[in-house]
Amino acid sequence: MASLVNLAAGLFFVGSRQFDLQIFTNVDGANVSVAHVGEGILDGFALRIQNGLFWSNNYFCFHVERASDAREAVILGQNFLGCKQQMQLPNGNLIFVRLPLDCERMEIYDHPTFHMACRQFDLVADRLEIPVAERDRLKYPKRCMAVALPIHCEDGSTKVYTGYRVQHHLALGPTKGGLRYHPEVTLGEVAALAMWMSWKCALAGLPYGGAKGGIACDPTKMSVTELERLTRRFTQEMIPFIGPQVDVMAPDMGTNEQVMAWMMDTYSVHAGYTVPSIVTGKPVNLGGSQGRREATGRGVGYLVNRASDTIGLDLAKATGVVQGFGNVGSVAALSLARYGVKIVAVSDVKGGIYNKNGLNLWELEKYVAKNKAVADFPESEPISNEQLLLLPCDILVPAALERQITKENAARIQCRILAEAANGPTTPNADEILDKRPEIFVIPDVLCNAGGVIVSYFEWVQDLQSFFWGETEVVDKLFRILETSFTQVVALARKEKISMRLAALTVGIKRVQEAKKIRGLFP
Ligand code: NAD
């Protein structure tokens, strides 16, 4: 394998099904240089997947054409991980094709975000040479639940929502992860987020496995009563699968302290006594931790400050752009402003605002609390989410959804530090482009937004002990953990000459791998 060039890796489509293909070749390099995949096109070759290609579960075929002379060849590949079928192309090049197991075995998670998380995992697993059997144990979620959630609506009708919870691994302690309310929530997306939580908790040294949950709903179009009914019904359905020593939820996109309070109340009613440790991110007077609401954004600020030291950027002269002005984005913006950064643009789902002289964030907070959106904020001009990502700035903070930095815009972003406050904002194809742009320092999501789960861990510990800490103590302990993680990741990235993402994931995945190995396999 060492002499082979990894030509391409990416998602391909056959009908509505996606496959994550990796193409290797031993070409001499003269004609084929790169890996550019998308719509099946890669430099020098046009790859076409035709309809009806699946002959059986184990075989597939597709045509490979040289773009210039359109010679065709059919490749047969055996569909299991690690098996590399090879064939002679008319031009004499060897092409190896590998399909990962999740194509066939884990179809329930089929979603671009899940494939993206698998692809990131595979890169690390290849580097660490993790055996195939061990990979599957590490990669695929331990458990998933999908539940129907009927509720009475304000207009007298009954509506049934779908809720999910995925618990990724149980090797290091209870599972931990947020609950997302968003119209596009799917099982596959939740599974990807759960996987990332596993690596994030392990990187920070927390005694948790990863988990994530979600309900496909639009909280902005629901009344408070409907949201409460939905939350309580979901908690009720989850009771057999959660517990302070089993699985602990927290806020994520579309959920907040109030949602956590309803969950804690529902679980406590069921238990017959108050159980604050069942969720984190609760209001402080219900056993929430000081500094939890601000933790993720504050952590982003701390790490950007550390990154700026590393690359020699003066934050007092720096500009910042933040996509998403919710819990994480708004606090990250304020935190950066406290370090002296001038925030020139922010956005939310409805669009963004821009002022080259800097936005008054304290006024903007009040404005958003009243108007529920950043649009039309005084002394700003409108800007789309797409344009916002391409603005020249020193610090770019995606703090909304996954898959925002893609192969389409990665070459055009203009920042010195990319601070991934959101989960999964950068696709693997975009990573390949960023890897060739050393002028951009990436703080990968599993490191950058870990402040949230770290202070969630503090909250859980405080609840279990019924002994509460002051904010200074929380922030001090938070920064210590972030400092350790940051230093470890930078050191590994430099030593091995790998990207910050690969380094961060390597530390996290290795810890989980070791834990599973030492515990052994039952029975
Ligand atoms: P939130 O619901 O409080 O805010 C989300 C923000 O993103 C809102 O301003 C929303 O309008 C905006 N948004 C939604 N869709 C958008 C789109 N298509 N384009 C632009 N903006 C859009 O959520 P949050 O808790 O701030 O979470 C944001 C991100 O941070 C998510 O990826 C989440 O998984 C991640 N995260 C959150 C925490 C936490 O503690 N809340 C911890 C770690 C990671």
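The values are calculated or read from the model by the stated rules, or taken from the named source; none is laboratory data. Everything quoted here is computed from the prediction, not taken from an experiment. With ideal geometry, Cβ positions are generated from the backbone for all residues, glycine too; neighbour counts draw on all protein chains shown. Areas reflect the complete protein model, heavy atoms only, side chains present, ligands, DNA and RNA absent. Shrake-Rupley method; radii C 1.70, N 1.55, O 1.52, S 1.80 Å.
Inside the stretch 407-433, can you point out the residues that are within 22 Å of P183 (Cα to Cα) and either touching a strand residue (DSSP E or B) at 6+ places or on another chain (Cβ under 7 Å) or open to solvent by 10 Å² or more (accessible area, probe 1.4 Å) (or both)?
From the stretch 407-433, those within 22 Å of P183 (Cα to Cα) are 421-427; that's our starting set.
Scanning the stretch 407-433 gives A421, A422, N423, P425, T426, T427.
Of the residues making up the stretch 434-465, those that are more than 13 Å from the ligand (Cβ to nearest atom), farther than 20 Å from G209 by Cβ, surrounded by 18 or more Cβ atoms within 10 Å (Cβ to Cβ) and not aliphatic (A, V, I, L, M) number 2.
Taken together, the criteria exclude F522 from residues that are without any contact (Cβ under 8 Å) to a residue 12 or more places away in the chain, open to solvent by 10 Å² or more (accessible area, probe 1.4 Å) and farther than 27 Å from A117 by Cα. Tell me which residues, restricted to the stretch 105-134, are open to solvent by less than 20 Å² (accessible area, probe 1.4 Å) and out of contact with any Ser or Thr (no Cβ under 8 Å at 6 or more places or on another chain). Scanning the stretch 105-134 gives Y109, T113, F114, H115, A117, C118, R119, Q120, F121, D122, A125, I130.
Looking at the stretch 266-287, I want the residues that are within 27 Å of G451 (Cβ to Cβ) and have a partner that is within 16 Å of the ligand (Cβ to nearest atom) and of a type in the set (S, T, N, Q) with Cβ atoms under 8 Å, at least 6 apart or on another chain. Which pairs are those? Taking only residues 6 or more apart or on different chains, the pairs are T280/S289; T280/S456; G281/N256; G281/S456; P283/Q258; V284/Q290. Checking each residue in the stretch 266-295 for being open to solvent by less than 30 Å² (accessible area, probe 1.4 Å), within 11 Å of the ligand (Cβ to nearest atom) and not hydrophobic (A, V, I, L, M, F, W, C) picks out T280, G281, R292. L396 meets all of the listed conditions (1) assigned to a loop (DSSP other than H, G, I, E, B); (2) more than 12 Å from the ligand (Cβ to nearest atom); (3) within 22 Å of L313 (Cβ to Cβ) but one, namely (1). Is one or more of the residues making up the stretch 366-389 in contact with a Lys or Arg (Cβ under 6 Å, 6 or more places away or on another chain) and either over 30 Å from W469 (Cα atoms) or surrounded by fewer than 21 Cβ atoms within 10 Å (Cβ to Cβ) (or both)? Yes: one or more hits. Answer yes if at least one residue in the stretch 475-483 is part of a loop (DSSP other than H, G, I, E, B) and within 16 Å of the ligand (Cβ to nearest atom), and no otherwise. The answer is no, given that none of the residues of the stretch 475-483 is part of a loop (DSSP other than H, G, I, E, B) and within 16 Å of the ligand (Cβ to nearest atom).
Scanning the stretch 301-353 for residues that are within 22 Å of Y181 (Cβ to Cβ) and hydrophobic (A, V, I, L, M, F, W, C), we see that the one that is most open to solvent (accessible area, probe 1.4 Å) is V349. Filtering the stretch 415-429 to residues that are over 23 Å from L334 (Cβ atoms) and either over 15 Å from the mean Cα position of the chain (by Cα) or more than 16 Å from the ligand (Cβ to nearest atom) (or both) leaves P428, N429.
Within the stretch 319-335, residues that are closer than 16 Å to D252 by Cβ reach partners that are assigned to a helix (DSSP H, G or I) and within 11 Å of the ligand (Cβ to nearest atom) with beta carbons closer than 6 Å, at six or more positions or on different chains, in the pairs V328/T296; V328/G297; V331/E294; V331/G297; A332/G297; A332/V300. Number of residues in the stretch 466-486 that are open to solvent by 70 Å² or more (accessible area, probe 1.4 Å) and of a type in the set (V, I, T): the value is 2. Scan the stretch 173-184 for residues that are surrounded by fewer than 24 Cβ atoms within 10 Å (Cβ to Cβ) and either more than 9 Å from the ligand (Cβ to nearest atom) or farther than 20 Å from W262 by Cβ (or both) and the total you get is 4.
When P90, P141 are checked against the criterion of being assigned to a loop (DSSP other than H, G, I, E, B) and either within 20 Å of the chain's Cα centre (by Cα) or modelled with pLDDT of 90 or more (or both), P141 stands alone in meeting it.
Could you list all residues from the stretch 296-328 that are of a type in the set (S, T, Y) and near the ligand (Cβ under 9 Å from one of its atoms)? Outline the logic, then answer.
So in the stretch 296-328, the residues of a type in the set (S, T, Y) come out as 296, 302, 308, 310, 319.
Scanning the stretch 296-328 gives a single hit, T296.
Taking K356 as the residue in question, decide whether it is within 16 Å of the ligand (Cβ to nearest atom) and basic (K, R). No, not satisfied.
Quick check, is E189 charged (D, E, K, R), open to solvent by 30 Å² or more (accessible area, probe 1.4 Å), within 12 Å of the ligand (Cβ to nearest atom) and under 21 Å from the mean Cα position of the chain (by Cα)? Please lay out each step first, then the result.
Values: charged (D, E, K, R): yes; open to solvent by 30 Å² or more (accessible area, probe 1.4 Å): no; within 12 Å of the ligand (Cβ to nearest atom): yes; under 21 Å from the mean Cα position of the chain (by Cα): yes.
For E189, the condition - charged (D, E, K, R), open to solvent by 30 Å² or more (accessible area, probe 1.4 Å), within 12 Å of the ligand (Cβ to nearest atom) and under 21 Å from the mean Cα position of the chain (by Cα) - is not met.
Is it the case that M263 is open to solvent by less than 20 Å² (accessible area, probe 1.4 Å), more than 11 Å from the ligand (Cβ to nearest atom) and within 19 Å of the chain's Cα centre (by Cα)? Before the answer, list the steps.
Values: open to solvent by less than 20 Å² (accessible area, probe 1.4 Å): yes; more than 11 Å from the ligand (Cβ to nearest atom): yes; within 19 Å of the chain's Cα centre (by Cα): no.
Against the criterion (open to solvent by less than 20 Å² (accessible area, probe 1.4 Å), more than 11 Å from the ligand (Cβ to nearest atom) and within 19 Å of the chain's Cα centre (by Cα)), M263 does not qualify.
Per-residue answers, yes or no, for (1) out of contact with any helix residue (DSSP H, G or I) (no Cβ under 9 Å at 6 or more places or on another chain); (2) not aliphatic (A, V, I, L, M):
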{"residue": "I405", "(1), (2)": "no, no"}
{"residue": "E408", "(1), (2)": "no, yes"}
{"residue": "I413", "(1), (2)": "no, no"}
{"residue": "I433", "(1), (2)": "yes, no"}
{"residue": "I440", "(1), (2)": "no, no"}
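Filtering the stretch 200-225 to residues that are among the charged types (D, E, K, R) and crowded, with 19+ Cβ neighbours inside 10 Å leaves K200, K212.
Is it the case that the stretch 372-384 has a residue that's among the β-branched types (V, I, T) and either within 21 Å of R437 (Cα to Cα) or away from the ligand (no atom under 13 Å from the Cβ) (or both)? Among the residues of the stretch 372-384, not one is among the β-branched types (V, I, T) and either within 21 Å of R437 (Cα to Cα) or away from the ligand (no atom under 13 Å from the Cβ) (or both), which makes the answer no. Any residue at all in the stretch 388-396 that's touching an Asp or Glu at 6+ places or on another chain (Cβ under 9 Å) and not charged (D, E, K, R)? No, because not a single residue in the stretch 388-396 is touching an Asp or Glu at 6+ places or on another chain (Cβ under 9 Å) and not charged (D, E, K, R).
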